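Novice: Submitted below is the structure of interest, expressed as C-alpha cells.
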Amino acid sequence: MSPVDRSRLPVSGPDPDFTFPAADTQRLPNGLSLATVGRRGLPMVSLALLLPAGSACDPAERPGLASMTADMLDEGSGDRSAIEMQEELARIGAELDTETGPDSVVLALSLLERFVPQGLRILSDIVVRPRLGEPDFERVRTLRANRIRQLRDLPGVNAEAVFTRALYGAHPYGHLSIGSSVSLAGMKPDDVTRFHRLQYDPSRATLVAVGAIDSAAVARYAQEAFGDWQGAASGSTAPAAAADGAGSGPSTPAPATRLLIVDRPGAAQTEIRVGHLGVPRKTPDFHALVLLNAVLGGHFSSRLNLNLRERKGYTYSVRSVFDFRKLAGPFAVQTSVQTDATADAVAETLRELGDIAGGRPASDDERSLSVATLTKGYPRNFETAGQIARGLAQLALYELPADTFSLFAPRVRALTAGDITRAAAAHLHPDQAIVVAVGDCARIRTGLEQAGLGTAAVVAADL
C-alpha cells in the first residue's frame, strides 16, 4: 500500500453528471395535466398542484385578490369547516402548504403512498369546491389586515413595495402579492368567488406526483378526485395587460424619477434597492445571467459583498438577483447600510454594475469560483421528492424542456469570462437603475441627489 501524502490536497476529479428524473406526462379529459416521477424507497408521495393564477392575475383595482383567494381555499368545503378540513389532513398525516407568487399558486401535499387517494380527494375539495363563505372571508381578511400593519414597520417590505411600483407602474407585476390595506378593505366575498371561478381552470393546471407511485395510479386517482372539475364557460386567461408585458431591458425607457425615498426619521440604517427591469425566464441568456449574478452579488465572495461589506464595512450583507418570471422580472441589488454610508453605498453599487460590463470585466478566477458555487452543490436542490415535485412545477409553469435541470451545470461550466462580460453589457443598465432608499430622509437625501440620480421623490409604500 502506497503511503498517503498529507502535505497537499488531493486532486479533484471530474464533477459527476446530474440527471433530473424524467416524468411521465398525461392529460385528463377535462384538460388537467399530470406529471409523475416514480421514486421507490420510502413509501411517501409528494403532490404539487400548479395553478397559473398568481398575483399578476389580480384585477387592477384589487391587488392582493389572488393571494386572498389562495388563503381562502382551505377555509372549508361544503359543510366542513376549516378545522374539520385540517383534521382530515391530520388523520392521514398530511400537511398542506400554499404559496402565491406573481405567476402562480402552488399547493403542496406530502403523505404516505397508501393515503394518496384520500389526499387527492381532500386536495380536490380544497381547490375545486372551496366554501368561500362570508364568515371565513371576514376572519381571513382581519388576519391579513393585521399582517399588513406589521409589514408597514419592516424597511425591506417598504423598499420592495416602492421599487416594484416604480418599476412596473400599472402592469400586473406592479404590486406585492399581499396587496394593500385599501384594496383589502374594499374586497368582498363575491370578488374571491369570481376570481376562483375565472382563474382556477383544470386546462391550465398541472398536478405533479413524485414518490412511491406510478403514473397509471396517479391518473386513476386524479380522475376520481378531479374528473368533474370544469373551467369557466367564458374561458380563464391571464389579464390582457400581462400579455403586453413589461419590457425586457435596454429598450425600456428609464423612469422619470429614479430616486425614491421612504422617510423613516431617526433610522440608524437605510434599506436600499437598486435595479431595473430584467428578462423573462425563457431568455436565451439565462445561464450567462445566472453566472453573471453569482460574480456580481450571488455569494459571499461576490464583488458587491467584498466591496460593501469586506472593504468598506457599510453593511452586513448585500446581494443581487435576477428574478426570472414568465414576463420580464426585476433585477435588483438589495442591502441595508449605515445611514451615513447610504450615498456612498449606492454610488459603489452603480459603479460595480458598470464595471462588470467592461470597465473591470470578470476574471477567470471569479468565473471559476462562481461556477463551482453554482454547480457543485446543484444536485442538492433535488434531493427530496418535494424538491423534485417543485422542479416539475417550474418546468410546467415556464414551459421549459424536460432536460432543463440536467443541462444547467454543463451549460454554466461551458461559459467563459467573456460570456459574463457580454451578458452584463446587454442586461445591466446602471444609467436606467431606480434607487429606493428607506431611511432618514433628512440625513440621506442630499448625498443621494449629489450622486447624479436627480431630484428625490419622497413617497410612501402604500401598504
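Novice: From the set of residues in segment 443-463 that are assigned to a helix (DSSP H, G or I) and hydrophobic (A, V, I, L, M, F, W, C), which is most open to solvent (accessible area, probe 1.4 Å)?
Specialist: Out of the qualifying residues, it is 451.
Novice: May I ask you to list pairs of residues, at least six apart or on different chains, whose Cβ atoms are under 8 Å apart, with the first in segment 269-282 being in contact (Cβ under 8 Å) with a residue 60 or more places away in the chain and the second being surrounded by fewer than 24 Cβ atoms within 10 Å (Cβ to Cβ) and of a type in the set (Asp, Glu)?
Specialist: From segment 269-282, the pairs are 270/440; 273/160; 278/323; 279/285; 282/399.
Novice: Can we say residue 341 is surrounded by 22 or more Cβ atoms within 10 Å (Cβ to Cβ), in contact with a Lys or Arg (Cβ under 9 Å, 6 or more places away or on another chain), more than 29 Å from residue 416 (Cβ to Cβ) and not acidic (Asp, Glu)?
Specialist: Judged against the criteria, residue 341 is not a match.
Novice: Filter segment 396-442 down to the residues that are part of a loop (DSSP other than H, G, I, E, B) and free of Cβ contacts under 8 Å to residues at least 12 places away in the same chain, then identify the one that is surrounded by the fewest Cβ atoms within 10 Å (Cβ to Cβ).
Specialist: Only one residue fits best here, namely 401.
Novice: Please work out which residue is nearest to residue 283 (Cα to Cα), limiting yourself to segment 310-363 and to residues that are of a type in the set (S, T, N, Q) and assigned to a helix (DSSP H, G or I).
Specialist: 349
Novice: While we're on this one: Would you mind stating whether residue 171 is in contact (Cβ under 8 Å) with a residue 24 or more places away in the chain, touching a Lys or Arg at 6+ places or on another chain (Cβ under 9 Å), closer than 18 Å to residue 53 by Cβ and not in a helix (DSSP H, G or I)?
Specialist: no
Novice: Which pairs do you get when a residue that is open to solvent by 70 Å² or more (accessible area, probe 1.4 Å), found in segment 137-151, comes within reach of a residue that is among the hydrophobic types (A, V, I, L, M, F, W, C) and not in a helix (DSSP H, G or I), reach meaning Cβ atoms under 8 angstrom, with the pair 6+ apart or on two chains?
Specialist: 147/178
Novice: Let me ask something else. Among all residue pairs at least 6 apart or on different chains, which show Cβ distances below 7 Å where the first residue, located in segment 1-27, is in contact (Cβ under 8 Å) with a residue 24 or more places away in the chain and the second is open to solvent by 90 Å² or more (accessible area, probe 1.4 Å)?
Specialist: Taking only residues 6 or more apart or on different chains, the pairs are 15/376.
Novice: Sticking with this one: Show me the strands (runs of 3 or more DSSP E) entirely contained within segment 20-129 in which 1 or more residues are open to solvent by less than 10 Å² (accessible area, probe 1.4 Å) and at pLDDT 95 or above.
Specialist: 33-38, 44-51, 105-112
The values are calculated or read from the model by the stated rules, or taken from the named source; none is laboratory data. This structure is a prediction, so every number in the text was calculated from the model and none was measured. Heads up, the Cβs are rebuilt from the backbone with ideal geometry, glycines too, and the neighbour counts pull from every protein chain shown. With ligands, DNA and RNA removed, areas are computed over all heavy atoms of the protein, side chains included. Shrake-Rupley method; radii C 1.70, N 1.55, O 1.52, S 1.80 Å.
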